[in-house]
Amino acid sequence: MRQRMLKAQLDLSVPCPDTQDFQPCMGPGCSDEDGSTCTMSEWITWSPCSISCGMGMRSRERYVKQFPEDGSVCTLPTEETEKCTVNEECSPSSCLMTEWGEWDECSATCGMGMKKRHRMIKMSPADGSTCKAEMSQAEKCMMPECHTIPCLLSPWSEWSDCSVTCGKGMRTRQRMLKSLAELGDCNEELEQVEKCMLPECPIDCELTEWSQWSECNKSCGKGHMIRTRMIQMEPQFGGAPCPETVQRKKCRIRKCFRNQSIQKLRWREARESRRSEQLREETDGEQFPGCRMRPWTAWSECTKLCGGGIQERYMTVKKRFKSSQFTSCKDKKEIRACSVHPC
């Protein structure tokens with residue numbers, strides 16, 4: 001049998017190739033045991049669970065140390081699987097982790113040593129509890145046989161604090177050269193740098209500038225105007241929430257008079273309206289003092305699905321009457337708020 005170590009598994013959904021290889025060999029002598037018996041190795045350690053949260057599967061292997069001497073097939077299993085549970089229920093107490101980093105170098109420069117890999121907390125549990133996910137893994141590593149030791153090094157220091165208070169940063173650790181220079185050149189690194197990840201930095205809500213105030217919704221008397229602004233960036237990771245996106249204020253164009261002169265003016269407008277009604281060539285559109293307008297267009301789509309947007313519609317002048325005393329006939333535009341519910 002020969003073995004190789006798994007350095008890193010970049011994609012958990014893709015199984016790694018075999019870490020063991022076997023070929024038949026003939027051992028010395030014969031045993032007094034039953035010739036159809038095969039001898040098995042001890043089970044190898046269970047593999048990591050196939051998922052990082054909830055119910056998954058894990059497996060372990062063993063190999064045939066000695067095949068039956070009578071040439072029969074060994075029927076004992078060489079692999080077995082079982083269910084495994086990691087963080088039984090993914091709940092508000094679950095935390096979001098980064099992918100595993102690369103394996104550190106072997107702790108030994110020769111012979112048997114240990115190597116580790118780490119991952120960081122990307123987002124802490126929503127309920128404020130402590131993250132219980134595994135932060136580091138260790139496994140054995142084999143280096144070439146030890147012959148001479150060219151240099152002696154102190155153990156690695158603890159990792160420094162992350163260079164940032166939130167988001168992605170860097171951290172370092174050092175070790176010292178303990179052996180004398182006469183013992184040989186030492187090419188071992190004395191400082192290591194790796195990435196570190198702290199909880200994401202808060203992002204505040206960002207808004208556009210206020211739009212222009214809409215026209216007053218009344219032609220006389222008391223009414224109101226509105227203006228809106230759009231959400232460009234939703235707050236994230238505890239950032240400041242979005243303020244109001246729609247404002248309205250009172251407006252008053254003029255008083256609504258009902259005296260006799262106004263009534264007469266309205267009668268003249270009514271006569272002019274009836275006259276223009278008889279002369280018009282098409283039946284669509286709306287009548288306004290002094291001009292005929294095309295119908296209102298449909299309301300435009302809301303500029304946002306949530307958080308406050310606006311809709312617009314237009315009415316354009318189709319025909320102005322020369323006999324009219326009104327000179328304020330112009331295209332019209334209406335604005336209204338929409339999707340004002342929070343996202």
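The values are calculated or read from the model by the stated rules, or taken from the named source; none is laboratory data. This structure is a prediction, so every number in the text was calculated from the model and none was measured. What goes into the accessible areas is simple: the full protein's heavy atoms, side chains included, and nothing from ligands, DNA or RNA. Shrake-Rupley method; radii C 1.70, N 1.55, O 1.52, S 1.80 Å.
Extension gain for the segment Tyr314 to Glu82, taken as residue separation times 0.36 nm less the Cα-Cα distance, is 76.8 nm to one decimal. Once the Cα-Cα distance is subtracted from the 0.36 nm per residue extended length, the Glu99 to Arg171 segment shows a gain of 24.2 nm. Cross-linked pairs Lys132/Lys178; Lys65/Lys140; Lys255/Lys319; Lys132/Lys304; Lys115/Lys168: Cα-Cα separations exceed 31 Å for Lys132/Lys178; Lys132/Lys304.
Extension gain, Ser219-Met5: 0.36 nm per intervening residue step, less the Cα-Cα distance, totals 68.8 nm. Using the Karplus relation 6.51 cos²θ - 1.76 cosθ + 1.60 with θ = phi - 60°, the per-residue 3J(HN,Hα) values for region 160-175 come to 5, 5, 5, 6, 10, 9, 7, x, 8, x, 9, 9, 9, 8, 10, 9 Hz, with x marking Gly and Pro.
Annotation: region 206-253 has a Kirkwood hydrodynamic radius of 12.3 angstrom, from the mean reciprocal C-alpha pair distance.
Less than 5 angstrom separates the built amide H of Ile310 from those of Thr303, Lys304, Cys338, all sequence-distant by 5 or more or on a different chain. Averaged per residue, region 206-253 has 69 square angstrom of accessible surface, using a 1.4 angstrom probe with ligands and nucleic acids left out. On region 206-253, 49 percent of the accessible area sits on carbon and sulfur atoms, based on a 1.4 Å probe.
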